[in-house]
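In what follows, a single structure is set out as structure tokens and then discussed.
The numbers here are math on the coordinates, done by the rules we state, and not lab data. Keep in mind it's a predicted model, so treat the numbers as computed, not measured. Positions of Cβ are backbone-derived with ideal geometry, glycine not excepted, and every protein chain shown enters the neighbour counts.
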Amino acid sequence: MNSTKEVYIFSPGTVSNVSCGFDVLGFCLETVGDKMVVRTSPQKGIRITKIEGFDLPFETDKNVAGVSAQALIDDLKPDVGFEIEIYKHIKPGSGIGSSAASAAGSVFAINELMGKPYDKTQLTQFAMKGEAVASQSEHADNLAPAIFGGFTLVKSLSPLEILKLPVPDELYATIIHPQIEIKTAEARAILPKMVSMQQGILQWSNVGSLVHALHTEDYELLKRSLHDAIVEPHRSQLIPHFNEIKKATLECGALGTGISGSGPSIFTLSKGESTAKAVEQAMRKVYENKSIDFETYVSKVNPEGIKVINS
Ligand code: ADP
């Protein structure tokens with residue numbers, strides 16, 4: 001019989017879309033994330049044996065971690081099974097990649113236990129099967145930064161092609177998560193079906209210049225690129241006090257502020273930790289005295305992504 005092996009991992013939260021990069025851009029967080037433990041078991045198949053933090057399904061076909069792990073073992077056909085423990089810190093439905101952290105975590109951990117037979121793109125492909133359970137469609141805009149780290153651009157879904165972009169050293173994110181629920185269906189329904197040529201030109205010039213700014217560490221260009229002419233004007237209506245937050249954070253010297261994923265979290269990018277912390281205070285001030293609970297986070301953009309930890 002095989003002896004049991006186990007691995008502890010940190011699976012990070014992520015911000016997708018990043019203003020102009022709807023469905024393609026994302027970046028990885030350092031101070032926000034889940035922990036998972038995955039161990040081999042002589043009993044074949046996948047079992048989720050522990051979930052702490054939030055109430056999520058133990059059934060492997062309903063939990064994104066189970067679905068992505070199953071996709072991997074359907075391909076690998078290992079002669080062992082796997083037990084998964086999930087220690088959830090990222091609230092499901094927050095817009096900072098809660099489901100992606102779990103979907104990426106299980107496949108990353110199994111790959112480690114099996115001697116790394118798959119590369120990061122292949123792991124993302126398996127994890128997309130899990131993400132599809134949460135959002136009814138396969139996408140990689142949170143999975144790519146979770147698995148590759150740093151800033152990522154999903155060049156194409158079929159065939160899957162992910163570009164890892166450089167991260168300027170002093171780039172920090174501040175997040176505010178108002179504890180309200182935005183239904184994914186609602187966030188989708190509110191999107192325009194058509195965009196004008198003028199909006200298109202603005203958007204692709206911003207995506208291009210944002211990528212250039214990351215390569216050249218040009219914070220001023222980054223600031224001029226973090227705009228969204230297409231999605232934000234619609235989705236921001238679902239997030240209370242969005243415009244106030246945006247104004248207050250930009251007044252603090254932030255490079256840009258936008259919706260994280262499909263919301264309700266709002267992200268800001270800043271140069272340097274002190275600006276990121278001032279932004280946090282400005283965000284809190286807007287929400288204090290309003291009857292909405294919220295959490296805030298400050299995090300360096302995490303260049304490494306998902307990783308093995310000691311315990
Ligand atoms: P987020 O951007 O925070 O991931 P989503 O709406 O994309 O938010 O995903 C959350 C949905 O996925 C919830 O309906 C949740 O029940 C479901 N889900 C299933 N398994 C998990 C998991 N292991 N972690 C987080 N969410 C999960």
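Taking amide hydrogens as placed 1.01 Å from N in the peptide plane, the amide H of Ile51 sits under 5 Å from those of Ile86, each at least 5 positions away in sequence or on another chain.
Residues within the reach of a label modelled at Glu251 (point 7 angstrom out along Cα to beta-carbon, backbone nitrogen below 20 Å), restricted to the range 156-180, are 174-177. If R0 is taken as 41 Å, the Cβ-Cβ distance between Glu304 and Met197 corresponds to a FRET efficiency of 0.55. Rounded to the nearest 20, the Cβ-based charge dipole of the range 157-253 about its Cα centre (Lys and Arg +1, Asp and Glu -1) stands at 420 debye. Given Val38, Ile190, Ala100, which one lies farthest toward the positive end of the charge dipole of the chain, if we put +1 on the Cβ of every Lys and Arg and -1 on the Cβ of every Asp and Glu? It is Ile190. With R₀ set to 35 Å, the beta-carbon distance separating Gln281 from Lys77 gives a calculated FRET efficiency near 0.10. So how tilted is helix 197-216 from the main axis of the chain? Cα-based, degrees 0 to 90, rounded to 10. On a 0 to 90 degree scale, this one is about 70. For the range 232-242, putting each phi into the Karplus relation 6.51 cos²θ - 1.76 cosθ + 1.60 with θ = phi - 60° gives couplings of 4, x, 8, 5, 5, 5, 7, 10, x, 6, 4 Hz, in residue order, rounded to whole numbers and with x for Gly and Pro. Across Ala185, Ala276, Ala134, mean-square fluctuation computed from a Gaussian network of the chain (C-alpha pairs under 10 Å connected) peaks at Ala185. Of all segments of the chain bounded by GluC sites (Glu not before Pro) found in a DSSP loop with no more than 14 other C-beta atoms within 10 Å, the longest spans 60-180. For the range 218-311, the calculated P(r), taken from all Cα-Cα distances in 10 Å bins from zero up to the bin holding the longest distance, is 14, 46, 30, 9, 1 percent.
Counting only Cβ charges, +1 for Lys and Arg and -1 for Asp and Glu, the dipole size of the range 40-164 around its Cα centre is about 160 debye. Residues of the range 16-39 with an amide N closer than 20 Å to a point placed 7 Å from the Cα of Tyr87 along the Cα-to-Cβ direction: 29-39. When the helices of the chain are scored as -39500 (n - 2.57) per DSSP H run of n ≥ 4 and the total is divided over every residue, the value at 222 nm lands at -11000 deg cm²/dmol. Show the residues, 5+ positions off or on another chain, whose built amide H is closer than 5 Å to the amide H of Lys300. Sorted by chain and number, the residues that satisfy this are Glu30, Thr31, Ala173. Net length available on complete extension from Glu186 to Asn289 is 34.4 nm, with 0.36 nm assigned per residue and the Cα-Cα distance removed. Between Ser3 and Arg224, the contour length at 0.36 nm per residue exceeds the Cα-Cα span by 74.0 nm. Evaluated over the range 157-288, the count of Lys pairs having alpha-carbon atoms less than 29 Å apart is 24 (only pairs 8 or more residues apart or interchain).
Placing +1 on the Cβ of every Lys and Arg and -1 on the Cβ of every Asp and Glu, with nothing else charged, gives the chain a dipole about its Cα centre of roughly 160 debye.
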